[in-house]
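Presented below is the structure to which this report refers.
The values are calculated or read from the model by the stated rules, or taken from the named source; none is laboratory data. Just so you know, these numbers come straight off a predicted model, no measurement behind them. Glycine also receives a Cβ, built like all others from the backbone with ideal geometry; neighbour counts cover every protein chain displayed.
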Amino acid sequence: MSGEKEIIVLLGPPGVGKGTQGQRWAEENGWRYAATGDLLREAVQKQTPLGIQAKTYIEKGLLVPDEVMHGIVEEVLQSADRPLLLDGYPRTLAQAQVLDEMTQRLGWKVKAAVLLTLNDDEIVERLSSRRICPNCQAIYNLKSKPPRNDEICDECGTKLIQRDDDKPEVIRKRLSVYREQTAPVLDYYRAKRILKEVCSSGTTEEVYQRLKKVNVG
């Protein structure tokens, strides 16, 4: 990317590796990496007006409304002083349209939308291999980052657990919801001719080498 007011939107289903790949890509290019989940937690922690609003929904187990997410993203656009890699937003067509309105108003431009792709069976295999320590919250993957002893946390010795949303049937449901929500977003960026696709199959390094070759202008 050439200018400080440019955004890359990083898209892809759960388990495709957006966080791992996005953080490295941003760091190596001097961009700001902004994952909406992190932004949300930060706003709640700092008790900003939007964070206080978001907290009331999170505590009830409800989805944070679009208006709050728009506000949090807008705060980032107002404070960022370098190109932005945006992960986790937009998730819906309505959010993509609001992002366009915000960027025009604040002098930004969505330069590219990069979609990490992976077939459902591989995603299910990746996510269902994930284990978490209920005591110290350390995260493992039985395939790519296993604990030293079978399903026991390296850090504190607690037996690891599988979260409910990492069970195969739940993952398939999450993928179905994701695709239903996000298909119009992909069509939207495809119509603008800024959608790029990167296959996320293979090792972390193989995927990153593919990502690095994407021409984002």
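Within region 127-143, the presence of at least one residue that is farther than 30 Å from Glu4 by Cβ, aromatic (Phe, Trp, Tyr) and surrounded by 12 or more Cβ atoms within 10 Å (Cβ to Cβ) is confirmed.
Total residues in region 116-154 satisfying the condition of being over 20 Å from Gln21 (Cα atoms) and in a strand (DSSP E or B): the figure is 4. Residues that are within 19 Å of the chain's Cα centre (by Cα), small (Gly, Ala, Ser) and surrounded by fewer than 19 Cβ atoms within 10 Å (Cβ to Cβ) within region 105-126 are absent altogether. Based on this model, can you work out whether Met102 counts as aliphatic (A, V, I, L, M), surrounded by 14 or more Cβ atoms within 10 Å (Cβ to Cβ), over 19 Å from the mean Cα position of the chain (by Cα) and not in a loop (DSSP other than H, G, I, E, B)? Taking the combined requirement at face value, the residue satisfies it.
Is it the case that some residue within region 144-154 is hydroxyl-bearing (Ser, Thr, Tyr) and modelled with pLDDT under 95?
Restricting attention to region 144-154, the residues satisfying the condition of being hydroxyl-bearing (Ser, Thr, Tyr) are 144.
Imposing the further condition that a residue be modelled with pLDDT under 95 reduces the set to 144.
Yes: one or more hits.
Of the candidates Leu63, Leu39, the single residue that is among the hydrophobic types (A, V, I, L, M, F, W, C), surrounded by 15 or more Cβ atoms within 10 Å (Cβ to Cβ) and under 25 Å from Leu186 (Cβ atoms) is Leu39.
Looking only at residues in region 175-207 that are touching a Gly at 6+ places or on another chain (Cβ under 9 Å) and within 30 Å of Asp150 (Cβ to Cβ), which one is surrounded by the most Cβ atoms within 10 Å (Cβ to Cβ)? Taking the candidates together, the pick is Ser200. Hey, does region 148-166 have a residue that's over 28 Å from Arg82 (Cβ atoms), touching an Asp or Glu at 6+ places or on another chain (Cβ under 7 Å), surrounded by 15 or more Cβ atoms within 10 Å (Cβ to Cβ) and not hydrophobic (A, V, I, L, M, F, W, C)? Checked region 148-166: no residue is over 28 Å from Arg82 (Cβ atoms), touching an Asp or Glu at 6+ places or on another chain (Cβ under 7 Å), surrounded by 15 or more Cβ atoms within 10 Å (Cβ to Cβ) and not hydrophobic (A, V, I, L, M, F, W, C). The residues of region 13-53 that are part of a loop (DSSP other than H, G, I, E, B), touching a strand residue (DSSP E or B) at 6+ places or on another chain (Cβ under 8 Å) and of a type in the set (Gly, Ala, Ser) amount to a single one, Gly17. Could you list, in sequence order, the residues of region 155-196 that are more than 19 Å from the chain's Cα centre (by Cα), more than 30 Å from Val110 (Cβ to Cβ) and either among the hydrophobic types (A, V, I, L, M, F, W, C) or assigned to a helix (DSSP H, G or I) (or both)? Within region 155-196, Cys156, Leu160, Ile161, Asp164, Pro168, Glu169 meet the criteria. Taken as a whole, the structure places Ser176 among residues that are out of contact with any Pro (no Cβ under 6 Å at 6 or more places or on another chain) and at pLDDT 90 or above. Once region 7-36 is narrowed to residues that are within 16 Å of Val216 (Cα to Cα), touching a Leu at 6+ places or on another chain (Cβ under 7 Å) and among the small types (Gly, Ala, Ser), the residue that is surrounded by the fewest Cβ atoms within 10 Å (Cβ to Cβ) is Ala26.
Pick out the one residue from Leu10, Leu63 that is in contact with a strand residue (DSSP E or B) (Cβ under 7 Å, 6 or more places away or on another chain), under 26 Å from Arg130 (Cα atoms) and outside any helix (DSSP H, G or I).
After ruling out the rest, the residue left standing is Leu10.
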